[in-house]
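One structure below.
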Amino acid sequence: MKQAVDPYASFRELTLRGMILGALITVIFTASNVYLGLKVGLTFASSIPAAVISMAVLKFFKGSNILENNMVQTQASAAGTLSSIIFILPGLLMAGYWAGFPFWQTTLLCMSGGILGVIFTVPLRYAMVVKSDLPYPEGVAAAEILKVGDHDADQQEGGSGIKELVSGGALAGLMSFCASGLRVVADSASFGLKAVRRCSKCRWAFLWPCWARAIWSD
């Protein structure tokens, strides 16, 4: 009987460079998620951009592979869960339980929540991931990105997408700087809506489909 051979047996997964890169991405993404969550009330998923950044950076090192990139994006995915403090800590202030943010109490509270999350993940993973028939969209998308960007499998097919990521981030940063910093670009398009509210003819024009259907039905 022929024994199956694991094609990834010789690949290195847990490396020092991967852990350092994952820690850097986690710190940056967590700070960004906390700021974004406190400002607009929502956060972004960090697995997919972390996978793209990992493939773009680690491809310059010898011996990088898909398992190492997967380890980095898994480590960076904690940025989405760590940023959940934006909902709990302000709630303690709003409830009057806290009057500020004591450093050590906040640190111990966040560490306890993270440890409990990891402990409960171990038994729940088998029931909610392994035995579940519903695939996780973010995890499936991150896996497909890692497969496409695996330069060891096929260096000629696809790309890491880091150029698109950097150019999009630079464009978004430039627009935000022009709108919030220089005040030369408006951050919303409210003039047209205000003009519609002031113009009675425009309001009747927007109501045209409603009364037209009423007349036609009669």
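What is the distance in Å between the Cα centroid of the stretch 55-87 and that of the stretch 110-133?
Centre-to-centre distance over Cα atoms comes out at 19 Å.
Per 0.36 nm of contour for each residue apart, how much would the distance between ALA95 and ILE115 grow if the chain were fully extended, relative to their Cα-Cα spacing? Please report the intermediate quantities before stating the final value.
Working: separation 20, 0.36 × 20 = 7.20 nm, distance 2.50 nm.
Working it through step by step, the gained length comes to 4.7 nm.
Report the chymotrypsin sites (Phe, Trp or Tyr not before Pro) located in the stretch 65-114 that are in a DSSP loop and have at most 11 other Cβ atoms inside 10 Å of their Cβ, or state none.
On the way: sites: PHE87, TYR97, TRP98, PHE103, TRP104; in loops: TYR97, TRP98.
Taking the stretch 65-114 and a limit of 11 other Cβ atoms within 10 Å, the loop chymotrypsin sites (Phe, Trp or Tyr not before Pro) found are TYR97.
Would you mind putting 70-82, 32-44, 117-129 in packing order, based on average other-beta-carbon counts within 10 Å, highest first?
Values: 70-82: 21.5, 32-44: 14.2, 117-129: 10.8.
Going by the mean number of other Cβ atoms within 10 Å, highest first, we get 70-82, 32-44, 117-129.
Every read-out reported here was derived from the displayed coordinates using simple, explicitly stated rules and does not represent laboratory data. Note that the structure is a prediction, hence the values are computed from the model and not measured. Neighbour counts are summed over all protein chains in view; Cβ atoms, including those assigned to glycine, are modelled from backbone coordinates with ideal geometry.
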